[in-house]
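The next block holds one structure in the form of structure tokens; read it before the comments.
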Amino acid sequence: MRRVGPVLRDAWYLSIPYFRSEEKWSALILLVSTIALNLSLVGMTVMLNFWNGAFFDSIQSKDWTSFTQLIFLYKKTAHGFLPGFCEIAAVYILVAVYATYLSQWLQIRWRRWLTARYLDDWIGDRTYYRMSLTSKLDVDGTDNPDQRISEDIANFVTSTLSLGLDLMNNVVTLFSFLGILWTISGSITLLGVTIPGYMVWVALIYAIVGTWLTHLIGRPLVRLTFNQQKVEADFRFALMRLRENTEGVALYHGEAEERGALNGRFGFVVGNWWAIMRRTRFLNFLTTGYGQIANIFPIVVAAPRYFSGAIALGVLTRISDAFGQVQSALSWLVSNYSNIASWSATVERLGTFHRSIEAAHVKLPDGAVRDQHGEAVVLDDVSLSLPNGQKLIEHATFRVAAGQSIVITGASGSGKSTLFRALAGIWPYAQGTITLPAGQSLFLPQRPYMPLGSLRRAATYPLDPASVPDEVLAEAMTACGLAHLLPELEEKRGWSQVLSGGEQQRLAIVRAVLAKPEWLFLDEATANLDPEAEIALYALLRVRLPQTTLISIAHRESVARLHDRRIVLAKGRIESDSTILAAPAE
């Protein structure tokens with residue numbers, strides 16, 4: 001098992017911020033209430049120990065009055081007032097139900113807060129993008145962030161509360177029954193030595209042996225559980241990738257390769273699961289046998305005193321119950337080893353994920369100095385490189401004034417798309433100074449992002465769909481050649497698979513028409529359309545967005561001629577910067 005110290009430190013780091021957050025008072029009230037109800041259950045368990053003694057004594061003495069009083073009413077005994085079983089059971093049920101209810105209430109509030117925090121850390125400052133540039137998935141703990149945020153956080157909250165409350169209950173139970181067992185078990189003489197409270201020592205030795213054997217056998221389960229969570233997430237991610245790229249796989253006739261890859265990933269799931277099964281089998285042999293022996297063990301040990309007449313049947317049942325409570329509390333690790341292994345693996349996954357988020361900001365350079373308060377787009381001595389250090393563009397300097405339309409061209413690999421990312425502020429491998437205007441900017445990549453949900457949401461992204469009137473949206477889609485999709489605006493489908501590449505790019509132009517940015521950047525945003533359609537859409541942008549400055553990246557000469565100015569990238573530098581003399585085609 002992973003060393004206890006690092007696991008507990010990670011668990012503390014994950015847990016304590018919520019109880020210091022803006023929700024701390026409600027969180028603490030729920031936590032204290034849940035603890036109080038659980039302690040009440042322990043108190044009622046102690047009461048039932050005394051009740052058992054009195055109840056079995058009434059059976060042994062054939063005392064019908066005491067028997068009925070102890071079931072339905074109450075009885076005064078040498079140990080004090082004892083409520084009837086019906087009263088104890090009614091209160092116990094009520095407390096147990098609300099202990100669970102309040103615990104679940106705290107779980108969902110805690111999970112909601114922790115999920116929001118991780119989403120903010122992961123999405124904020126484009127950390128998700130930074131991590132994708134630098135992280136080694138199997139090393140840095142950045143594989144399957146969807147699982148870590150959705151499943152691991154839920155498992156962490158649930159397991160932390162359940163294991164924490166169970167541990168607290170067992171500690172309180174231990175000290176509550178330790179005195180009872182010490183008192184009623186009496187002493188025993190072995191080899192001339194009198195041992196007071198001997199059943200306490202028997203329970204302690206029994207628990208120590210069981211805990212040591214359990215840890216010895218179950219230790220590999222932590223790593224196996226961690227691996228199982230990983231390979232399950234990898235398999236699910238591969239299925240999602242196939243679902244998101246159905247057309248590409250179908251066109252390549254790649255079904256056999258995909259099936260083989262999926263079977264291979266599922267093979268890891270099965271293989272690791274078999275390893276868990278084998279290890280769990282050994283552990284279950286131990287824990288099940290340990291638990292079964294514990295049922296009869298205290299009675300066998302205490303039986304000589306009962307048969308000698310030193311103790312009554314009621315005392316014997318109390319010894320058995322108290323021994324069981326003490327032994328169970330001392331054997332908490334034995335009973336919960338599998339749960340602890342799963343919890344430890346979850347803590348490790350969340351801990352490594354958080355450290356990866358922090359490392360994403362440490363590993364990456366700060367990028368070019370950015371100023372978003374200018375009146376033009378200005379690059380001043382800007383150099384761009386790949387993550388491996390290879391230079392793409394060196395010492396580039398140019399200025400784009402408001403109102404111009406400029407096209408950036410160059411051979412594949414010359415750095416056009418990387419320049420696009422640097423202008424968008426998401427490329428960290430940049431030096432120099434980039435000045436951007438203060439007005440609203442919109443960046444359209446070659447492959448538009450299609451969010452989950454309705455076609456209306458996809459067409460208005462990133463605007464709030466409710467902020468766009470129906471008639472405005474319908475007119476924009478009609479102008480961009482998507483009138484045939486208007487009847488499906490409220491349909492929720494996988495639009496990235498339903499729409500063709502050209503339709504998706506037309507939808508991106510709809511977004512630009514609706515957003516009306518002052519600066520519009522297009523990275524081959526119409527490359528999937530025929531030249532006539534490109535000309536028509538650029539003409540539409542000029543008419544609908546007359547005050548918008550266009551900065552395009554393109555390969556086609558027909559697109560270049562729709563602009564006023566051309567910058568050509570070649571061999572890591574700006575090869576030329578010239579005015580396009582020909583007027584855009586009408």
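Descriptive notes on the structure:
- Per-region count, the range 414-437, residues closer than 17 Å to I574 by Cβ and in a strand (DSSP E or B): 6
- Pairs, first farther than 15 Å from Q107 by Cα in the range 3-21, second of a type in the set (V, I, T) and modelled with pLDDT of 90 or more, C-beta under 8 Å, six or more apart: A11/T160
- Considering Q292, Q228, the condition of being touching a residue at least 12 places away in the same chain (Cβ under 8 Å) and out of contact with any Leu (no Cβ under 7 Å at 6 or more places or on another chain) is satisfied by Q228 alone.
- Of all the listed residues (S344, S320), the sole one being assigned by TED's automatic domain parsing to the domain that holds S58, in contact with a Pro (Cβ under 9 Å, 6 or more places away or on another chain) and not β-branched (V, I, T) is S320.
- Qualifying positions in the range 358-369 - surrounded by fewer than 23 Cβ atoms within 10 Å (Cβ to Cβ) and either modelled with pLDDT of 80 or more or in contact with a helix residue (DSSP H, G or I) (Cβ under 6 Å, 6 or more places away or on another chain) (or both): K363, L364
- Counting only helices (runs of 4 or more DSSP H) that fall entirely inside the range 202-316 and contain at least 3 residues that are among the acidic types (D, E), the qualifying elements are 221-244, 255-307.
- Considering the range 309-324, the residues that are more than 11 Å from N295 (Cα to Cα) and touching a Leu at 6+ places or on another chain (Cβ under 8 Å) include one that is surrounded by the fewest Cβ atoms within 10 Å (Cβ to Cβ), namely I319.
- Scanning the range 509-543 for residues that are among the charged types (D, E, K, R) and within 27 Å of I426 (Cβ to Cβ) yields R511, K516, E518, D523, E524, E534.
- Within the range 521-532, the set of residues being in contact with a helix residue (DSSP H, G or I) (Cβ under 8 Å, 6 or more places away or on another chain), without any contact (Cβ under 8 Å) to a residue 60 or more places away in the chain and over 13 Å from G501 (Cα atoms) comprises P531 only.
- Failed condition for S338, given (1) of a type in the set (G, A, S); (2) over 38 Å from the mean Cα position of the chain (by Cα); (3) modelled with pLDDT of 75 or more: (2)
- Test: residue in the range 442-456 that is without any contact (Cβ under 8 Å) to a residue 40 or more places away in the chain, in contact with a strand residue (DSSP E or B) (Cβ under 7 Å, 6 or more places away or on another chain), assigned to a loop (DSSP other than H, G, I, E, B) and not assigned by TED's automatic domain parsing to the domain that holds R126: yes
- Checked against (1) at pLDDT 75 or above; (2) surrounded by fewer than 19 Cβ atoms within 10 Å (Cβ to Cβ), S187 meets all criteria but (1).
- Residue match in the range 318-334 (condition: more than 24 Å from G53 (Cβ to Cβ), in contact with a helix residue (DSSP H, G or I) (Cβ under 9 Å, 6 or more places away or on another chain) and modelled with pLDDT under 80): yes
- The set of residues from the range 123-168 being at pLDDT 85 or above and over 21 Å from I340 (Cα atoms) is empty.
- Selected residue (criterion: nearest to the chain's Cα centre (by Cα)) from residues of the range 468-501 that are of a type in the set (G, A, S) and modelled with pLDDT under 90: G494
- One residue stands out in the range 543-562 among those that are more than 45 Å from the chain's Cα centre (by Cα), in contact (Cβ under 8 Å) with a residue 12 or more places away in the chain and surrounded by fewer than 22 Cβ atoms within 10 Å (Cβ to Cβ): the one that is nearest to F420 (Cα to Cα), namely A560.
- Boolean, L522 is over 16 Å from P445 (Cβ atoms) and buried (at least 22 other Cβ atoms within 10 Å of the Cβ): no
- Per-region count, the range 430-455, residues under 29 Å from the mean Cα position of the chain (by Cα) and more than 14 Å from A512 (Cα to Cα): 7
- The listed residues are R236, R223, R243, and the only one of them that is within 24 Å of the chain's Cα centre (by Cα) and exposed (fewer than 13 other Cβ atoms within 10 Å of the Cβ) turns out to be R243.
- Count of residues meeting criterion [without any contact (Cβ under 8 Å) to a residue 24 or more places away in the chain, closer than 25 Å to G53 by Cβ and β-branched (V, I, T)] in the range 78-107: 1
- Of all residues in the range 63-122 being under 30 Å from I16 (Cα atoms) and among the aromatic types (F, W, Y), the one that is surrounded by the fewest Cβ atoms within 10 Å (Cβ to Cβ): Y101
The values are calculated or read from the model by the stated rules, or taken from the named source; none is laboratory data. Just so it is clear, the structure is predicted and the values come from calculations on it, not from any experiment. As a convention, Cβ positions derive from the backbone with ideal geometry for all residues, glycine included, and neighbour counts pool all protein chains shown.
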